[in-house]
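Written out below as structure tokens is the structure these notes cover.
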Amino acid sequence: MGDTEMEKGQLIGNIAGRIPELIEKAIDMRNYSYAPYSKFRVGAGLLAANGNLYGGCNIENAAYGPSNCAERTAFFKAVSEGVQDFTAIAIAGGPEEGIRDFCAPCGVCRQVMAEFCEADSFLVILAKSVEEYEVYTLRELFPKSFSPKDLEKV
Ligand SMILES: [Zn+2]
């Protein structure tokens with residue numbers, strides 16, 4: 001096991017007690033999803049560094065472009081309440097009938113995560129259920145990203 005994997009194991013260990021709650025939140029938030037066009041319901045549970053948990057669902061629009069993903073809904077709810085430090089997010093998505101596969105965040109949501117989260121320590125949990133999930137660091141999902149650090153070089 002390499003250093004990176006050991007560090008990831010440590011990060012997972014730090015929030016292990018809250019992972020079921022995060023996943024349950026993500027799955028529950030699917031109930032609030034507004035997805036009349038794609039019929040693909042996504043929920044997210046975002047854990048802030050202060051321990052707060054923010055839920056989000058995807059919210060579609062007849063004009064398609066204004067649609068918002070579950071992950072960004074959760075982030076924007078938190079940021080709009082003054083919270084900007086985050087630890088992990090659980091994501092659960094699939095057709096209305098149920099979750100069949102792991103649902104990874106889209107590129108736009110990964111970019112929003114990169115704005116607020118440390119790539120090597122923020123954890124993204126892709127969940128089918130409380131028992132079946134995968135954990136990635138943001139760096140693994142979004143390597144070589146453009147982030148606020150790049151603007152520090154200006
Ligand atoms: Zn997205």
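We did not get these values from a lab; they are worked out from the coordinates using the rules stated. What you see is a predicted model; the values in this text were computed from it and never measured. Please note: Cβ atoms are built from the backbone with ideal geometry, for glycine as well, and neighbour counts cover all protein chains shown.
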Cα-based shape type of region 1-129, given that a ≥ b ≥ c are square roots of the gyration tensor eigenvalues and the cut on a/c is 1.5:
prolate
How would you rank 80, 145, going from fewest to most other Cβ atoms within 10 Å of each one's own Cβ?
80, 145
Charge sum, other residues only, whose C-beta stays under 10 Å from residue 48's C-beta, Lys/Arg counted +1 and Asp/Glu -1
-2
Relative contact order as a percentage, region 3-141, C-alpha pairs under 8 Å and 6+ apart, gives 22
Taking the Cα centre of the chain as the origin and placing charges on Cβ (Lys, Arg +1; Asp, Glu -1), which of 75, 117, 36 is farthest toward the positive end of the dipole?
36
Of 25/153; 77/128; 39/144; 8/128, which ones are farther than 30 Å apart at the Cα?
25/153; 39/144
